[in-house]
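Participant: The structure is given below, and queries will be raised subsequently.
Just so it is clear, none of the values below were taken in a lab; they were calculated from the coordinates. Small disclaimer: the values here were computed from a predicted structure and weren't measured. Note: ideal-geometry Cβ built from the backbone for every residue, glycine included; neighbour counts use all protein chains shown.
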Amino acid sequence: MTQLAKPIKRRRIKGDGAWGYAFIAVALVIFAMFTAYPVVSAFIISFQKYKPLGSTFVGFDNYIVTFKDALFWKSVVNTVVYTLLTVPVGLFISFAVAIMILPLRKKLQTTFKAVYYLPAVASGVALSVVWLWIYDPLPSGIFNQLLNFFGISNQNWLGSSATAMFSLVLMAWLSSHGTSIIIYLAALLGIDDSYYEAAELDGASFMKKLWYIVIPCLKPTTLFLLVTGVIGSFQVFQNAYLMTGGGPDNATTMVGLLIFNNAFKYFEFGKAAAQSLILAAIIAGIALAQFKFLGNDVEY
Amino acid sequence: MKRKMRVLASIFALTLALSSLAACGDSTKKEANPPTPSDTGSKTNVSADAKDTITALLPPVSSEYQNNFPQMEKDFNALYPNLTLKIEPASWEDMTQKLDTQVNAGSPPDIAFIGSDGISKYMQQDMLMDITDTATKEMVEDYDKVPLEYMKNGTGLYGFPAYMEIHALGGNREFLEKAGIDWKKVQKEGWTFDEFREAIKKGVVSEGGKTSRYGFVFATAGVTSKDYLGILIKNAGMPSPFTSDLKYAYTSKNFLEVLKDIRAMIDDGSMPKELSSIDAGKRWNMFLTGQTMITGKGLATFENSANKNNAKIEANDGSAVKGSIKVQYTVLPVPTFAGEKMQASAAVDGYVTFRGKKEPTAEHKANVVKAAYFLASGKVAASTNNDLFVAHITASGKKAAESMPVTRDEFNKAAVETMLAQAAPARPDIPTDLGAKAIKLEDEVIVPKLQALISGEMTPDAMYEAVKTAAIQTFGEDGVVK
């Protein structure tokens, strides 16, 4: 028996597989604690009226209330509008900047990459404070001074429902491209030079090379950025919370902000959990649709 | 070597995993152990003289308040040698989030400094500690009756008030006089909306179609719009969202009158058309830089801030507000609407008492009450309230303040006292669930619609109808004022 047991024990210690499992275990424990457990917990809470001294089971009440809540659907529409305006334009801007940076010398390329990545390092709160200053509604505000220069009267950027959503979208367009630019650049550098050489021999123009070589070769990257961009955009919270608080007249209330308010302002954790799971289902549905319709001919 | 590296890497990985688990400790398990001074908020069985620790989460109530924490802890321990007061400082920004997290985790501090309007919020979570049976007669009798009522809900008392502050308006004395406004008379007798409207029209300075000074600027960006409406409607015969027979009041015709008047002041050009984006910091800057004659909301402590900035301007100190002018801050009452009487908006903040997941023992409860009373009376209250320029609300605080001279404008002091005498009374009779519904209605309907009204995107009538419809949906046809 002893003779049989020994080789097994040795195999477990020496085997690379065992070490692999040991390392995975750490990530798995952290995933279980900080992702799986909260999700399961949220699922349970979504059927409860939460109270620290003891929650009560309320069945599907939180879901029914959410589906009947006009503000929830308004926030979903706001989030969809925000996503449709920010993600495609954001991707286009990142792609265009990456294309412009690509031919530069390495040092200059690195400088530009650092410059564009800088907002990602800065605190979101600090960025919002700067943007609040830019959007100052009085004639002394930066944007308003620019408008006044062209003879247009000052605008109440964040205080009017006509401009509040656009102001948040503009803020997204002009910042947070760092990661996408770096990913696009890495993908652009991965395209084999022989494609360009062959195209040049055929006398292809810049636009032709872009259309027939670059865009198809970057399709997996674009799909990845699109899917992660949509997911991130659907979870948007910080901008609306810090810049407009969801106003005016809920014109910029996003689902993320609504969930936050229900949980931490009104302590309706059950309703907030139900809304979180509905949002997760919406995001999952959209991500699946993106893979189904856009990912068919993508090779990894 | 390779094997050693693997073992080392595993140890690091395990440390990482365990360190993340450390935060998940269950603090309630501590209750099984004997109490120690570090056993924060221990709800163990302790005798009257046994050692106990009381925890308090306190924001920077005044500029000097948090600097005094070590002395406050020392003084409390000298008074009660067996007790330790452990104060956790928090910024105003973090205060609510910290407290909410601790409350929802079931382990709040024993005492927290919050506004009395937060009592109903934590009542819903069943996490407040009723001290009615523990607060001694001497303690209760030390307080003025009106502010103490604000710390009640139903028949329960949930802490002690620190001060009662009037939410008023503040004027630039020089500009008021230039506009021909008899501010002394206004301070004594108040003013109607029509008088106020005419006065702020006179305060506007325009040149070439551009306004360099407005008559009145009130912070209304985001949640501050709640303050704006709240302060105005108290003087329109609605001191509370509910009437004495618990009907929702903001469906009355007076509410519509106030909405019309809010819009009229902007349409007159007395208030900026961008008002909906002006936050508290911006309007104070506008006041100090002479861009408005009257500002709101005005707190007593603003006189102190204006005086400090005046001193900086005089000393040519670069830290004075950029472009600011010397301002003599003048307390002004909020105008009355629709012929109603003046009822000043009062904010009572104080030391609210909390309980943990387990029922606190009578001894611990008594110790928490001692700590809350220590913080909300006598020397501590006197020095804090003096810093804030607010009136003292305890006999012990008034006595302690006698030896602490404060330089204050006598007219302002008298004006605040007049308004304190007319302060809207507390409404501990409003049931928690009804109060919570009113808060949600305010946040989800009134504030967003008010933002739209101020931006000129909604008419007063449309807003009134939207509020009325939502109120009927929430409280029923018979639950609202007709």
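Participant: For every helix of n ≥ 4 consecutive DSSP H residues, a contribution of -39,500 (n - 2.57) applies; sum these over chain A, divide by its total residues, and give [θ] at 222 nm rounded to the nearest 500 deg cm²/dmol.
Facilitator: Numbers: 15 runs with 196 residues, N = 300.
About -20500 deg cm²/dmol.
Participant: Which percent of Cα pairs goes in each bin when the distances of the protein assembly as shown are cut into 10 angstrom slices starting at zero?
Facilitator: Calculated P(r), rounded to whole percents: 2, 11, 18, 22, 20, 14, 8, 4, 1, 0, 0.
Participant: Only bridges with both residues in chain B count here: give the DSSP antiparallel percent, nearest 5.
Facilitator: Here the antiparallel bridges make up roughly 65 percent for chain B.
Participant: Need one number: % antiparallel among DSSP beta bridges in the protein assembly as shown, to the nearest 5.
Facilitator: 65
Participant: Which of the trypsin sites (Lys or Arg not before Pro) found in segment B:348-399 are in a DSSP loop and have at most 13 neighbouring Cβ atoms, other than their own, within 10 Å?
Facilitator: B:Lys358
Participant: Could you pull out every one of the lysines with an alpha carbon less than 20 Å from that of B:Lys51, ignoring same-chain neighbours closer than 8 positions?
Facilitator: B:Lys29, B:Lys30, B:Lys43, B:Lys74, B:Lys86, B:Lys358, B:Lys365, B:Lys370
Participant: Under the 0.36 nm per residue contour assumption, what length would be gained going from the current alpha-carbon distance of B:Ala414 and B:Asp245 to full extension?
Facilitator: Values: separation 169, 0.36 × 169 = 60.84 nm, distance 3.41 nm.
Answer, rounded to one decimal: 57.4 nm.
Participant: Under 18 Å Cα to Cα from B:Lys398, which lysines show up? Leave out anything in the same chain fewer than 8 places away.
Facilitator: Qualifying lysines at Cα under 18 Å: B:Lys145, B:Lys379, B:Lys413.
Participant: Still on this structure, I have one more. Do any chymotrypsin sites (Phe, Trp or Tyr not before Pro) in segment A:133-228 lie in a DSSP loop with no more than 11 other beta carbon atoms within 10 Å, and if so, which?
Facilitator: Passing both the DSSP loop test and the Cβ count: A:Phe150.
Participant: Taking 0.36 nm per intervening residue step and subtracting the Cα-Cα distance, what contour gain separates A:Ile30 from A:Ile44 on full extension?
Facilitator: 3.0 nm
Participant: Taking H placed 1.01 Å from N in the peptide plane, check which residues at least 5 places from B:Ala423 or on another chain put their amide H under 5 Å from its amide H.
Facilitator: B:Ala344
Participant: Please report the spacing between the Cα centers of segment A:233-279 and segment B:183-209 in Å, no decimals.
Facilitator: That distance is 40 Å.
Participant: Taking only DSSP H segments of four or more residues, each worth -39500 (n - 2.57), what value at 222 nm results for chain B once the sum is divided by all its residues, to the nearest 500 deg cm²/dmol?
Facilitator: -13000 deg cm²/dmol
Participant: Under 18 Å from the Cα of A:Lys74, which lysines turn up, not counting those fewer than eight places away in the same chain?
Facilitator: In chain and number order, the partners are A:Lys271, B:Lys440, B:Lys449.
Participant: How big is the charge dipole of chain A about its Cα centre, in debye rounded to the nearest 20, if each Lys and Arg gets +1 on its Cβ and each Asp and Glu gets -1 on its Cβ?
Facilitator: Dipole about the Cα centre, nearest 20: 1280 debye.
Participant: Here is a further query. Taking the simple approach of a point 7 Å from Cα along Cα-to-Cβ for both A:Ile99 and B:Glu314, what is their distance in nm?
Facilitator: Result for the modelled spin labels: 6.6 nm.
Participant: Pairs to check: B:Lys121/B:Lys226; B:Lys178/B:Lys297; B:Lys188/B:Lys322; B:Lys188/B:Lys437. Give those whose C-alpha atoms are more than 27 Å from each other in this structure.
Facilitator: B:Lys188/B:Lys322; B:Lys188/B:Lys437
Participant: On C-alpha positions alone, give me the angle between the axis of helix B:92-104 and the longest principal axis of chain B, in degrees, nearest 10.
Facilitator: Taking the Cα atoms of chain B, the angle to B:92-104 is about 50 degrees.
Participant: Report the gain in length on full extension from B:Val140 to B:Ala50: 0.36 nm times residue separation, minus Cα-Cα distance, nm rounded to one decimal. Can you show the working numbers first?
Facilitator: Numbers: separation 90, 0.36 × 90 = 32.40 nm, distance 2.50 nm.
Using 0.36 nm per residue and subtracting the Cα-Cα distance, I get 29.9 nm.
Participant: With a length cut of 24 Å (Cα positions projected on each helix's long axis) and a Kyte-Doolittle mean of at least -0.5, go through chain A and give me the DSSP H helices that pass.
Facilitator: A:70-101, A:269-294
Participant: Moving to a separate point now. Can you give the Rg to Rh ratio for segment A:197-282, taking only C-alpha atoms and Rh from Kirkwood? Provide the component values of the computation, followed by the final result.
Facilitator: Working: Rg = 21.3 Å, Rh = 16.1 Å.
Dividing the radius of gyration by the Kirkwood radius yields 1.32.
Participant: Helix B:378-388 versus the longest principal axis of chain B: what is the Cα-based angle in degrees, 0 to 90, to the nearest 10?
Facilitator: Once rounded, the angle reads 40 degrees.
Participant: Here is a follow-up. Place a +1 charge on the Cβ of each Lys and Arg in chain B and a -1 charge on the Cβ of each Asp and Glu, then give the dipole magnitude about the Cα centre in debye, rounded to the nearest 20. Spell out each step's value before the answer.
Facilitator: Details: 56 positive and 61 negative charges, 271 e Å.
Roughly 1300 debye for chain B.
Participant: Taking 7 Å along the Cα-to-C-beta vector as the label spot, tell me the B:Lys398-A:Leu108 distance in nanometres, rounded to one decimal.
Facilitator: Spacing of the two 7 Å Cα→Cβ label points: 7.8 nm.
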